[in-house]
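Have a look at the structure below before the remarks.
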Amino acid sequence: KNTTGNARYFKSLPIVKLGMNALNQDDGKTYHRQIGVSFKENNSFAYDNGYDSEMFDTGNTDFYWKFPNQDNHYIIAGVQAFSKDLEVPFEVVVENNTEISVTLDEVKNIDSNIYIKDKVTGISYEILEENASFSLQKGTYTDRFVLAFKPNTVLSLDTEITNLSTNIYVDNKNHHLIVTK
């Protein structure tokens, strides 16, 4: 089989394809939407000709790539070079209170764990083996979910030092939180 230089180039791009499953309450069927993102140096979180494809058939319950300072919804997006610190935001819209699941449909040329981060709860869902499921109320969820390559990290304090120098207690009678050093 003959392969052109461009075909070889595009086969080497790191790519992630996510899917969202949601129950349509009108017909009782579960529908699946797939979105994809590629990673390439010099691409951005703005429109990059040849790497981004706008979504024109947004459903009442759907998801898509949504970037800061952009009004467009993308079904395919090309963003900057892959890094484990990179987070790619997506937006979810639900018509009725429902449960959705986000799946990893395909991954190419990425050797990393893959997560869906919920910025509201602070929970990271590793999706290589399992889906990330969310019970959502009717509405649009902007700036809540991202595709990520490392989990949220929790800040920790050295409790011994904290206990030696700080006292924290609740004064229930006066409805105060007391912190003394």
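Which of Lys108/Lys138; Lys17/Lys138; Lys29/Lys119 have a Cα-Cα distance over 31 Å? Display every interim value, and only then the final one.
Working: Lys108/Lys138 33 Å; Lys17/Lys138 25 Å; Lys29/Lys119 29 Å.
From the list (Lys108/Lys138; Lys17/Lys138; Lys29/Lys119), the Cα-Cα distance tops 31 Å for Lys108/Lys138.
Phi angles of the range 116-126 translate, via the Karplus equation with coefficients 6.51, -1.76, 1.60 and θ = phi - 60°, into HN-Hα couplings of 10, 9, 9, 5, 7, 8, x, 8, 10, 10, 6 Hz per residue; Gly and Pro are given as x. The amide H of Leu136, built 1.01 Å from its N in the peptide plane, has Thr98, Glu99, Ile100 as neighbours under 5 Å, considering only residues 5 or more places off or on other chains.
When Rg and Dmax are taken over the Cα atoms of the range 33-113, they come to 13.2, 39 Å.
Fully extending the segment from Gln70 to Asn96, taken as 0.36 nm per residue of separation minus the present Cα-Cα distance, adds 6.8 nm. Taking 16 Å as the cut-off, the amide N atoms of the range 34-78 that come nearer than this to a point 7 Å along the Cα-to-beta-carbon line of Asn109 belong to 36-44, 50-52, 77-78.
Rounded to the nearest Hz, the phi-derived 3J(HN,Hα) couplings of the range 84-91 under the Karplus curve 6.51 cos²θ - 1.76 cosθ + 1.60 (θ = phi - 60°) are 5, 8, 6, 10, 10, x, 9, 10, where x marks glycine and proline.
Nothing charged except the Cβ atoms of Lys and Arg (+1) and of Asp and Glu (-1): what's the magnitude of the dipole of the range 59-132 about its Cα centre? Round to the nearest 20 debye.
Working: 5 positive and 14 negative charges, 55 e Å.
For the range 59-132, the charge dipole is close to 260 debye.
Near Asp52, the amide H atoms lying under 5 Å from its own belong to Gly78; only residues 5 or more places off or on other chains count, and H is placed 1.01 Å from N. If you wrap the Cα atoms of the range 95-154 in a convex hull and average its projected area over all directions, you get 4.7 nm². Distances between placed amide hydrogens fall under 5 Å for Asp105 paired with Lys17, Leu18, Gly19, all partners being 5 or more residues away or on another chain.
Applied to the range 145-151, the Karplus parametrisation 6.51 cos²θ - 1.76 cosθ + 1.60 on θ = phi - 60° returns per-residue 3J(HN,Hα) values of 10, 9, 7, 9, 10, 8, x Hz, with x for Gly and Pro.
Just so you know, all these numbers are worked out from the coordinates, no wet-lab data involved. Computed from a predicted model, the values in this text were never measured in an experiment. We place every Cβ from the backbone using ideal geometry, glycine too, and count neighbours over all the protein chains shown.
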